[in-house]
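The values are calculated or read from the model by the stated rules, or taken from the named source; none is laboratory data. Being a predicted model, the structure only gives us computed values, none of them experimental. A quick note on method: Cβ atoms are made from the backbone with ideal geometry, for glycine too, and the neighbour counts reach across all protein chains shown.
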Amino acid sequence: MTGYKVLVVEDSPTMRQLIVFALKRIRGFQIVEANDGVDGLKKLSAEKFDLILTDINMPIMDGLKLVSMVRNDPNYKETPIIVITTEGATEDRERALALGANEYITKPIQTMKILETVKKLMSV
Amino acid sequence: MSHHDEENDAAGRADEFLQVFKKGAEFTQDLLKENERLRFRVVKLEETLKDKGHEIVADGPEALELKKKILELEQEKEEILGQIKVVEEENQNFANRYVEIEEENNMLANLYIASYQLHSTLDFKEVLKIIQEIVINLIGAEEFGVLLLDEKTNLLEPVASEGIETSAMPSISVGSGIIGESVGSGENYFIESMQGYERDLHKPIVCIPLKIKEHVIGVIAIYKLFEQKDEFTNVDYELFTLLAGHAATAVFSSRMYSDSERKLSTIQGFIDLLTK
């Protein structure tokens, strides 16, 4: 058992289910879901997470704002963040990475790519 | 085929693949053992040669016998090396098949989630929203519309869209143009080449008729994919067909449910008026 806690921040329930379903294939991951950036921040302050996966385009607070706020929190300076988004432009990728995201994956969802990235970042 | 059957089928293929892989591993083990045995024989023969070196005459019968054995061993070695190469190629094929099966499993898992979400509600608007989420997140479409068939007028009316205003989308007669023909025939339509394509609301790049068996109730017309998605994969084609069926039944049942709810509330209103 790895015992890692993972937060999935995504406003689309379908997409969230797809990501959660994929992550459940890695044994020992405890997955918590959040509907948007604000909900994500609430959950991040309530307990410590080892990995964050977030969408960019979300209501209330978008993923980039979330990445930036997470990186300013001393508890999450080193926590891996994966951005999963429809935005495929190079400048969007660069912006997310500059704000502190570790990996940037574009939609349509590619389960294998997500799993490979998570395994690489978490060394599992 | 139901999801359960598809999952069983995938699991069956995974088992079959594992069995073949195990056999390959056992065969490789046997070859390695054989190789080890032959190496041992060569060493023994070399020792024998060394011990008897002074007694062996260069062209004598013993020397000839040893040369023959060496030749045989060389041939066996070549055969083993050839077999190892074949096994390595087979292993590569197994690895490729493993990746293919993984992809198929992922596709089935995605489809399971998609259909589960589609059938998780009887709210018509929510069903349309889920269809949009699936087309965006699983297919990778940036601009598309969902049109439903009005059986009274035989017109396809736009009910939802992404990247285009729904009100800007045209109503289309069944049988007319690419969208109408696709609905008329019930066949998926894919543009031959996306090179140089410019958006025309009557000429989408993909049309997926929403079908319940042979009964078409609407269509998904795609006009633009994400820039990172430049072509369709085989998985996409399977996804389109399977999704069209699930989306169609979800739309049909939710629409029937909201119609019946509306009728019920009207009847209830009348009853209330009459009884008060």
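Results, tabulated for the structure shown:
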quantity	calculated
Single condition B:Leu156 does not satisfy, out of (1) at pLDDT 95 or above; (2) farther than 14 Å from B:Pro209 by Cβ	(2)
Exclusive hit being of a type in the set (S, T, N, Q) and either at positive phi or more than 12 Å from every other protein chain (Cβ to nearest Cβ) (or both), set B:Ser115, B:Ser161	B:Ser161
Set B:Ile80, B:Ile101, B:Ile84, B:Ile113: member being touching an Asp or Glu at 6+ places or on another chain (Cβ under 9 Å), outside the structural domain of B:Ala247 (by TED's automatic domain parsing), among the β-branched types (Val, Ile, Thr) and assigned to a helix (DSSP H, G or I)	B:Ile80
Considering residues of region A:80-96 that are away from chain B (no Cβ under 14 Å) and out of contact with any strand residue (DSSP E or B) (no Cβ under 6 Å at 6 or more places or on another chain) only, the residue surrounded by the fewest Cβ atoms within 10 Å (Cβ to Cβ)	A:Glu94
Only listed residue being closer than 21 Å to A:Met58 by Cα and of a type outside the set (Phe, Trp, Tyr), chosen from B:Val135, B:Val146	B:Val135
Leading residue by the ranking (farthest from the chain's Cα centre (by Cα)) among those in region B:75-112 that are facing another protein chain (nearest Cβ under 9 Å) and in contact (Cβ under 8 Å) with a residue 60 or more places away in the chain	B:Tyr112
Unmet requirement for B:Thr241, which otherwise passes all of (1) of a type in the set (Val, Ile, Thr); (2) surrounded by 14 or more Cβ atoms within 10 Å (Cβ to Cβ); (3) modelled with pLDDT under 95	(2)
Residue tally, condition touching a helix residue (DSSP H, G or I) at 6+ places or on another chain (Cβ under 8 Å), farther than 26 Å from B:Thr121 by Cβ and not hydrophobic (A, V, I, L, M, F, W, C), over region A:1-24	2
Looking only at region A:97-117, and only at residues there that are within 14 Å of another protein chain (Cβ to nearest Cβ) and in contact with a Ser or Thr (Cβ under 8 Å, 6 or more places away or on another chain), the one that is farthest from A:Glu78 (Cα to Cα)	A:Lys107
Of residues in region A:1-16 being at the interface with chain B (Cβ under 9 Å from one of its Cβ atoms) and touching a residue at least 24 places away in the same chain (Cβ under 8 Å), the one surrounded by the fewest Cβ atoms within 10 Å (Cβ to Cβ)	A:Ser12
Residue count for region A:68-100, restricted to those that are in a loop (DSSP other than H, G, I, E, B) and touching a residue at least 40 places away in the same chain (Cβ under 8 Å)	1
One residue from A:Val118, A:Val83 being under 28 Å from B:Glu162 (Cα atoms), modelled with pLDDT of 95 or more and among the hydrophobic types (A, V, I, L, M, F, W, C)	A:Val83
Single residue of region A:17-49 satisfying the filter (part of a loop (DSSP other than H, G, I, E, B), within 14 Å of another protein chain (Cβ to nearest Cβ) and in contact with a Ser or Thr (Cβ under 9 Å, 6 or more places away or on another chain)) that is surrounded by the most Cβ atoms within 10 Å (Cβ to Cβ)	A:Ile26
A:Lys120, sole failed condition from (1) over 19 Å from B:Gln228 (Cα atoms); (2) out of contact with any Pro (no Cβ under 7 Å at 6 or more places or on another chain); (3) more than 13 Å from every other protein chain (Cβ to nearest Cβ); (4) surrounded by 15 or more Cβ atoms within 10 Å (Cβ to Cβ)	(4)
Yes/no for B:Ala95 being surrounded by 14 or more Cβ atoms within 10 Å (Cβ to Cβ) and modelled with pLDDT of 90 or more	no
Odd one out for B:Phe190, checked against (1) within 20 Å of the chain's Cα centre (by Cα); (2) crowded, with 21+ Cβ neighbours inside 10 Å	(2)
Which numbered condition B:Thr153 fails, given (1) more than 27 Å from the chain's Cα centre (by Cα); (2) within 14 Å of another protein chain (Cβ to nearest Cβ); (3) among the hydroxyl-bearing types (Ser, Thr, Tyr)	(2)
Check on A:Ile52, assigned to a loop (DSSP other than H, G, I, E, B) and at negative phi	no
Single residue of region B:161-183 satisfying the filter (within 27 Å of the chain's Cα centre (by Cα) and small (Gly, Ala, Ser)) that is farthest from B:Ile130 (Cα to Cα)	B:Ser182
